[in-house]
Amino acid sequence: MEDQNFTRIKEVKKLLSSNSFELNNFEYKSKPVRFSKSIFEKKILISLKLNKQKEIEQKYLHKEELRKLLFSISEVKELPAAILNLPPLSSFESCHVLVHEKGKPVGQNYLALHGENEETKLIAVQNFNTLFNLVKKSKNKIFNQSLSMKDDLSVVGNFLAREIDLKNYSVIYLVSRNSFLPPSIEEQEEFQGLSLFLHPLLVKILDKEKNDLKKEVLRKSLENFPEKINVKKNGLSIFTNKSDETAFENSNLMIFPLETEDQVTMELSNFSKDQISTELYHSQRVSLLGELLNTLQHELSNPLFGLNLTSSILESETTNPETESILNEISQNANRSQTIIKNFSNLYNDQQEFKIINLYRFIDEVMTLTKSETREIAKSIECIGFDPGSPDGDLEITTNPTCLTQIIFNLTINAAQAIKENQSGDFRKNHIVIRLARLDDEVEISVIDDGPGVKNDNIQAIFQPFFTTKDSGTGLGLSICQNLAHQLGSKIEFKNNSPLNGATFSITLPV
Ligand code: ADP
């Protein structure tokens with residue numbers, strides 16, 4: 001027994017002073033992690049010094065259970081429920097884990113209620129930082145709902161919260177019973193002590209999640225690349241995309257994590273440097289735009305909401321008709337600005353996700369995006385088989401909005417370029433029509449122009465990568481669109497208009 005106790009104390013010491021945790025089937029080693037010593041940890045150290053083996057043994061046995069449970073988690077979203085399922089915290093009803101990657105405009109807010117994980121929400125960085133600083137400054141880590149964070153935190157009454165500061169992330173975890181019953185001393189200690197286990201766990205899973213995400217984004221973009229690519233790490237081939245028939249179809253993209261001495265090279269065939277940089281530049285701009293829109297939405301939503309509310313209140317109080325109409329205009333414009341920002345950022349949100357969209361409104365927004373390149377050319381949206389103006393005539397489809405935006409955007413720009421190529425100056429007689437034709441369970445979206453159309457000799461070639469008739473064209477637009485259409489489970493069809501001039505590109509999607 002003496003021996004066993006001695007071993008356990010050694011283990012606890014190791015746990016507190018090192019960064020290496022070894023469980024039966026698990027081994028985790030990270031770069032040195034500094035633990036700030038909480039009251040609880042200090043208590044263990046003092047206990048160690050006083051050699052209270054019994055007490056330590058009990059606590060340690062208990063902690064071992066916790067560690068096992070926590071280390072069985074592989075994603076942050078599983079964490080809140082796992083915390084609530086820990087026996088010493090089981091009387092709490094809700095648990096939030098808020099994670100902010102340093103430098104990003106938003107954080108993630110993971111929630112579990114009654115032991116079950118709920119939907120993850122976003123939290124604006126200002127709100128996250130306010131809470132983080134508050135929690136950091138607090139000694140006893142007990143708070144109550146008077147905190148003005150009702151939108152972000154689903155808690156009532158008292159709650160316990162603690163911050164964890166990692167190299168790349170800031171994390172807050174908090175539990176609430178949704179009552180005003182104060183947490184017991186034991187619960188407070190257990191809650192504080194949890195940070196000791198959460199710290200290395202979070203380092204592990206957050207880094208893994210980031211790497212997985214990077215890998216996924218990289219894999220998707222490489223897989224859909226219309227040309228042959230071979231990626232090598234330190235001279236060894238680690239990825240080849242599908243267009244290379246002779247190579248193995250390796251999906252194990254082991255690029256990340258990258259050590260400083262690692263060398264990754266990418267071999268491309270048939271590309272000129274200019275073509276690559278134009279496309280890369282375009283995709284970088286699109287993703288930057290997405291991030292910018294998200295930031296803008298968070299920065300502008302609150303002031304616009306305030307403006308809208310205040311002008312509505314003032315409007316209801318004033319008796320002067322002129323002031324009333326000005327205030328009405330202010331509130332309407334604030335409302336409109338809120339809607340515009342929301343709709344735009346919806347276009348770029350969740351790149352991988354399929355969503356339900358209102359087709360007419362969606363196309364209308366994409367048309368706004370093409371405005372600068374289609375100036376002077378009339379554009380209209382024609383609806384067949386449904387009427388977006390009537391109360392129940394709207395058409396909703398489930399699709400990936402990011403892919404569809406790119407497709408319609410590219411086709412419209414091509415149409416405008418074809419019109420402009422053929423004429424010099426006056427495009428007032430020209431027209432681009434986006435026709436949305438519903439038939440049973442499908443809708444055909446066509447981009448129709450009255451430009452010169454495609455010459456018969458070129459029809460076979462237009463979807464091939466690098467085929468272009470434009471001086472500054474890359475010839476990649478249509479082949480990328482075709483790839484994106486495949487991702488939506490469809491394909492793009494082309495025909496020259498007859499008897500009228502011009503070209504029609506269409507894609508059919510399920511309703
Ligand atoms: P790029 O626009 O860089 O040339 P694309 O792949 O988008 O590359 O288009 C390939 C070619 O298809 C164009 O160069 C053009 O000749 C032809 N094309 C595409 N859209 C139209 C259109 N609406 N009308 C006439 N020709 C078109």
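In nm, give the distance between the simple-model label positions of Ile381 and Ser301, each being 7 Å from the Cα along the Cα-to-Cβ direction.
2.3 nm
Using the Karplus equation 6.51 cos²θ - 1.76 cosθ + 1.60 (θ = phi - 60°), what ³J(HN,Hα) coupling, rounded to whole Hz, does each residue of segment 381-391 give in order, writing x for Gly and Pro?
Karplus-based 3J(HN,Hα) across segment 381-391 equals 10, 10, 10, 10, x, 7, 10, x, x, 7, x Hz.
Report, to the nearest whole %, how much of the accessible area of segment 396-454 belongs to carbon and sulfur atoms, 1.4 Å probe, protein only.
The value for segment 396-454 is 43 percent carbon and sulfur by accessible area.
Taking 0.36 nm per residue of sequence separation and subtracting the Cα-Cα distance, how much length would be gained by fully extending the chain between Glu373 and Lys102, in nm to one decimal?
So the chain would gain 93.9 nm between Glu373 and Lys102.
Just to be sure I understand the model, the point goes 7 Å from the Cα along the line to the Cβ. What's the resulting Gln126 to Ile185 distance in nm?
Going by the 7 Å Cα→Cβ label model, 4.2 nm.
Computing the accessible area with a 1.4 Å probe over protein heavy atoms, can you report the carbon and sulfur percentage for segment 134-200?
Reported share for carbon and sulfur atoms: 54 percent.
Could you work out the Rg to Rh ratio of segment 411-480, with Rh taken as the Kirkwood radius (inverse of the mean 1/r over all Cα pairs)?
1.02
Taking a threshold of 24 Å on the Cα-Cα distance, which of the pairs Lys68/Lys102; Lys77/Lys102; Lys167/Lys233; Lys104/Lys167; Lys121/Lys204; Lys233/Lys491 fall above it?
Lys68/Lys102; Lys167/Lys233; Lys233/Lys491
Using a Förster radius of 22 Å, what is the FRET efficiency between Lys232 and Asn211 based on their Cβ-Cβ separation? Nearest 0.05, please.
0.70
Kirkwood Rh, Cα Rg: Rg to Rh for segment 340-496?
Result for segment 340-496 is an Rg/Rh of 0.96.
Give me the number: length gained by fully extending Arg435 to Lys491, i.e. 0.36 nm times residue separation minus the C-alpha to C-alpha distance, one decimal in nm.
Contour length minus the Cα-Cα distance gives 18.5 nm.
Going by average Cβ density within 10 Å per residue, which order do the peptides 370-377, 458-465 take, highest to lowest?
Final packing ranking: 458-465, 370-377.
The values are calculated or read from the model by the stated rules, or taken from the named source; none is laboratory data. All values derive from a computational prediction rather than experimental measurement. Cβ coordinates were reconstructed from backbone atoms using ideal geometry, including for glycine residues, and neighbour counts include every protein chain displayed. Protein only, heavy atoms only, side chains kept; ligands, DNA and RNA dropped before computing areas. Shrake-Rupley method; radii C 1.70, N 1.55, O 1.52, S 1.80 Å.
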